[in-house]
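Worksheet: one structure, shown below.
The values are calculated or read from the model by the stated rules, or taken from the named source; none is laboratory data. Because the structure is a prediction, the values reported are computed rather than measured. A quick note on method: Cβ atoms are made from the backbone with ideal geometry, for glycine too, and the neighbour counts reach across all protein chains shown. Just so you know, the surface numbers come from the protein's heavy atoms only, side chains and all, with ligands and any DNA or RNA stripped out. Shrake-Rupley method; radii C 1.70, N 1.55, O 1.52, S 1.80 Å.
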Amino acid sequence: AVTSVAAFALWLYLASASDRVDWYARYWPGWALLAWVLPWVNLVLPALVVLDLDRRSRRPGAAGARRPVQWWWATWVALWPAAGVMAASWGAVDPWATPLTWAETVRPAALATAALYVLYAACALLARHIVVRLTAAVLSGAGAGAGAGSAPGPRPGAGDGMRPTDREATSIEEP
């Protein structure tokens, strides 16, 4: 789970910082990484950063990914208490019990584990759907300069690696 969260956070950062999306962001691209590790903030902000990326990467009037993001985030948040229930149910299993008693105590733990795996699979499939959809939108550059209140085109000076002061110093003026 840690590896998948790290990979998702890195993808989210790279997509949010891309020059191919509308440069008017509600959230700084660094929040794509920080949102996952700050306590209490990590219960809400990652979903908001994904929704912001969705808004910035689509053409005006195009359908967004709001519903899949909401379902993904609901399954992600539900994973944590479900994991606690699973751990508690396995903790209640008595390894020294008779086979019949042991089977009765293992059944709830096995069902909790199966439910956790189904929830995890649903979360992973929804995350995959979001990544594929938003990556395609970002790579198409559909949202570059298309947001409300944004300037036309990508960020000013984006992608050239120069600070604005360097760009002005190196510009060639015609007589």
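Binning all Cα-Cα separations of the stretch 39-125 at 10 Å, short to long from zero, yields these whole-percent fractions: 16, 32, 24, 15, 9, 4, 1. Its Cα centre serving as origin, the stretch 28-86 has a Cβ charge dipole (Lys and Arg +1, Asp and Glu -1) of approximately 300 debye.
The HN-Hα couplings worked out from phi for the stretch 32-43 by the Karplus form 6.51 cos²θ - 1.76 cosθ + 1.60 (θ = phi - 60°) are 4, 8, 5, 4, 7, 10, 7, x, 6, 5, 5, 8 Hz, whole numbers, x standing for Gly and Pro. For the set 69, 37, solvent exposure ranked by accessible area (probe 1.4 Å, protein chains only) runs largest to smallest as 37, 69. Packing, taken as the mean count of other beta carbons within 10 Å per residue, orders the peptides 122-134, 47-59, 83-95 from highest to lowest as 47-59, 122-134, 83-95. Choose one of 25, 46, 63: the residue whose Cα lies farthest towards the positive end of the charge dipole of the stretch 12-75 (beta-carbon charges +1 Lys, Arg; -1 Asp, Glu; about the Cα centre). My answer, from the dipole projection, is 63.
When the solvent-accessible area of the stretch 10-115 is split by element, carbon and sulfur atoms take up 71 percent of it, the probe being 1.4 Å.
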